[in-house]
């Protein structure tokens with residue numbers, strides 16, 4: 001089946017440092033979505049990228065979708081303690097029968113040291 | 001924003017019993033609902049896709065006779081774990097996609113199932 005590889009699995013940063021997580025698919029995606037999950041919580045939608053080479057920003061978060069629509073990244077500038085959690089990318093492919101469910105990457109656990 | 005609820009939020013049951021989990025879209029109609037399972041410290045794994053009024057589509061390796069899905073209306077999908085065993089203990093999360101949506105899935109808060 002389709003897979004999305006996400007790295008790193010864990011990332012420790014000092015508060016104020018930047019953070020980046022990367023996702024890669026072996027096949028071209030229809031779109032990629034990013035979610036944040038706090039410990040004990042459920043995934044919360046952050047953003048969706050659809051177009052080749054797309055870049056979107058949400059305050060300190062920058063999301064990129066590769067030109068080939070096979071990779072994506074999430075970059076957080078100047079991390080804060082509220083950024084703690086697990087960040088998942090989730091890829092989507094369209095089959096002939098319609099939209100498929102999301103295939104999640106393994107997630108990157110962001111740990112921030114004050 | 002769109003709200004999806006799940007009930008119950010947690011359940012403990014004995015091995016061999018069946019458990020039903022409900023997923024509701026509260027303020028929109030969901031043509032498609034998805035069921036995911038998340039084991040501790042792992043990612044979400046898609047179990048099945050549920051379309052209103054039709055049979056669910058199960059992912060490879062997911063037993064359709066064990067995980068019964070019913071999408072009876074545009075706002076409700078249910079997942080029944082039949083003859084539950086300890087290895088079925090997990091966090092079950094549903095998501096819903098609205099009519100005419102831009103592919104955004106709204107996730108429920110999840111149901112933590114513990115089978116003794």
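Each value in this text was obtained by applying a stated rule to the coordinates, not by laboratory testing. Bear in mind that the values here come from a model prediction, so they are computed numbers and not experimental data. No Cβ is skipped: glycine too gets one built from the backbone with ideal geometry, and neighbour counts run over all protein chains shown.
Name every residue in the stretch A:32-46 that is under 9 Å from the mean Cα position of the chain (by Cα) and over 15 Å from residue A:110 (Cα atoms), in order of residue number.
Correct list: A:32, A:33, A:46.
Among the residues of the stretch B:68-116, write down those that are part of a strand (DSSP E or B) and free of Cβ contacts under 8 Å to residues at least 24 places away in the same chain.
If the condition is that a residue be part of a strand (DSSP E or B) and free of Cβ contacts under 8 Å to residues at least 24 places away in the same chain, then B:68, B:70, B:72, B:73 are the ones that fit.
Every residue, every condition in (1) closer than 19 Å to residue A:9 by Cα; (2) free of Cβ contacts under 8 Å to residues at least 24 places away in the same chain, yes or no:
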residue: A:33; (1), (2): yes, no
residue: A:36; (1), (2): yes, no
residue: A:39; (1), (2): yes, no
residue: A:45; (1), (2): no, yes
residue: A:49; (1), (2): no, yes
residue: A:55; (1), (2): no, yes
residue: A:60; (1), (2): no, yes
residue: A:69; (1), (2): no, no
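Name every residue in the stretch B:27-65 that is within 20 Å of residue B:10 (Cα to Cα) and over 13 Å from the mean Cα position of the chain (by Cα), in order of residue number.
The answer is B:39, B:40, B:41, B:42, B:43.
Taking the condition surrounded by 13 or more Cβ atoms within 10 Å (Cβ to Cβ), farther than 18 Å from residue A:33 by Cβ and without any contact (Cβ under 8 Å) to a residue 12 or more places away in the chain, does residue B:6 pass?
no
Restricting the first residue to the stretch B:35-47 and requiring it to be more than 7 Å from chain A (Cβ to nearest Cβ), which pairs with a second residue that is in a loop (DSSP other than H, G, I, E, B) and buried (at least 24 other Cβ atoms within 10 Å of the Cβ) meet a Cβ separation below 6 Å and a spacing of at least six or different chains?
none
Can you name every residue in the stretch A:53-97 that is within 13 Å of the chain's Cα centre (by Cα) and within 14 Å of chain B (Cβ to nearest Cβ)?
A:56, A:65, A:85, A:86, A:87, A:88, A:89, A:90, A:91, A:92
For the structure I just gave you, tell me whether residue B:24 is under 12 Å from the mean Cα position of the chain (by Cα) and more than 12 Å from chain A (Cβ to nearest Cβ).
Against the criterion (under 12 Å from the mean Cα position of the chain (by Cα) and more than 12 Å from chain A (Cβ to nearest Cβ)), residue B:24 qualifies.
Among what's in the stretch B:48-67 and is part of a strand (DSSP E or B) and more than 9 Å from chain A (Cβ to nearest Cβ), pick the residue that is farthest from residue B:106 (Cα to Cα).
Only one residue fits best here, namely B:67.
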